[in-house]
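**Student:** Below you'll find the structure I mean.
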Amino acid sequence: MSTTVTSFTSAQTYTVQQGDFLSAIAQKFYGDGSEASWQKIYEANKALIGPDPTQLQIGMVLVIPPEDSGIVVPSDIVSRLVELVNQERGKNGLAPLNLNPQLIQSAQGHSQDMADHNFMGHNGSDGSSPFDRMQQAGYQFSSAGENVAAGYTTPESVMDGWMNEAPDSNGHRGHRENILSSNYHDIGIGYAFGQATQFGHYWTQDFGTHL
């Protein structure tokens, strides 16, 4: 599976409305509603939509790949990063995290927001906290957390950064602790690229345990 993202150009996002189909969304963005076009959108959002491409839900935030994109799609990045997270958890005797579509939505929305507005942080450009965004995506939690990063060009490099960060003044390594927390059962991954931004690559991991 390819994980190279350095040539991945900036993608747009689209929020699913009532009555939407992938073919209509492809027509809107590409001027072409053919199966080849809507499949490109589906593959980029397969982890969110699920196995049936007709099962779009109102409010889903879809990544729309550029027309010339074909080397790497966000679903590759999502799958690889979840794999790396669960490898680290397995080494520490922890259960794997389950990919959750609502957490994908909150994480992807935040990564795109960071890329669109050229910043890195936990609060969104609208002032929302990670917990606000999770709840807005429909994820009600008993515990939750978030990791963000920017500038790393591959899932492997961002995971290395999170896992091997220096301790803070209190001796905590918060990103690593989130990844290896037994309090979380679910995860969502977000990735976006901003062409003319300070860091280029923007990453989000949202963690939680559903009520």
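The values are calculated or read from the model by the stated rules, or taken from the named source; none is laboratory data. All of these numbers come straight from a predicted model, not from anything done at the bench. A quick note on method: Cβ atoms are made from the backbone with ideal geometry, for glycine too, and the neighbour counts reach across all protein chains shown. Each accessible area value is taken on the protein alone, full model and side chains, heavy atoms only, with ligands, DNA and RNA left out. Shrake-Rupley method; radii C 1.70, N 1.55, O 1.52, S 1.80 Å.
**Student:** Can you send over the solvent-accessible area of residue 15, 1.4 Å probe, protein chains only, in Å² to the nearest 10?
**Tutor:** Ignoring ligands and nucleic acids, residue 15 comes out at about 60 Å².
**Student:** If you don't mind, another one. What's the FRET efficiency of residue 166 with residue 57 using the Cβ-Cβ distance as r and R₀ = 41 Å, to the nearest 0.05?
**Tutor:** That pair, residue 166 with residue 57, gives E of 0.50.
**Student:** For the chain, find the longest principal axis of its Cα atoms and tell me its angle to the long axis of helix 74-91, 0 to 90°, nearest 10.
**Tutor:** 20 degrees
**Student:** Here is a further query. When only alpha-carbon atoms count, how far does the chain stretch along each of its three principal axes, as whole angstroms with the largest first?
**Tutor:** 54, 37, 35
**Student:** Rounded, prolate or oblate: which fits the stretch 170-211, taking a ≥ b ≥ c as square roots of the Cα gyration tensor eigenvalues, rounded meaning a/c under 1.5, else prolate when a/b beats b/c?
**Tutor:** Oblate shape, in that a/c is at least 1.5 and b/c is the bigger or equal ratio.
**Student:** Shape verdict for the stretch 59-150, please, from the Cα gyration tensor: rounded (a/c under 1.5), prolate (a/b greater than b/c) or oblate.
**Tutor:** Oblate is the answer for the stretch 59-150, as a/c is 1.5 or above yet b/c matches or exceeds a/b.
**Student:** Based on the Cα coordinates of the stretch 87-127, what is the per residue volume of their convex hull in Å³?
**Tutor:** 100 Å³
**Student:** Here is a follow-up. Using Cα positions and a limit of under 20 Å, work out the aspartates and glutamates in reach of residue 28, with same-chain residues fewer than 8 apart set aside.
**Tutor:** Cross-link targets: 20, 43, 67, 68.
**Student:** As a test question: what accessible area, to the nearest 10 Å², does residue 116 have when a 1.4 Å probe is rolled over all protein chains in place?
**Tutor:** Surface open to solvent at residue 116 totals about 100 Å².
**Student:** Can you work out the accessible area per residue across the chain, with the rest of the protein chains kept in place, probe 1.4 Å, in square angstrom?
**Tutor:** Heavy-atom SASA per residue in the chain reads 46 Å².
**Student:** Rounded to whole Å and sorted largest first, what semi-axes of the equivalent ellipsoid does the C-alpha gyration tensor of the stretch 87-206 yield via the square root of 5 times each eigenvalue?
**Tutor:** 22, 18, 13
**Student:** Using Cα atoms only, what is the angle between the long axis of helix 35-44 and the major principal axis of the chain, expressed in degrees (0 to 90) to the nearest 10?
**Tutor:** So the inclination is approximately 10 degrees.
**Student:** For the stretch 144-159, just list the computed ³J(HN,Hα) in residue order, Karplus coefficients 6.51, -1.76 and 1.60, θ = phi - 60°, integers in Hz, with x standing in for Gly and Pro.
**Tutor:** Values, residue by residue: 7, x, 8, 10, 10, 7, 8, x, 6, 9, 9, x, 5, 6, 5, 5 Hz.
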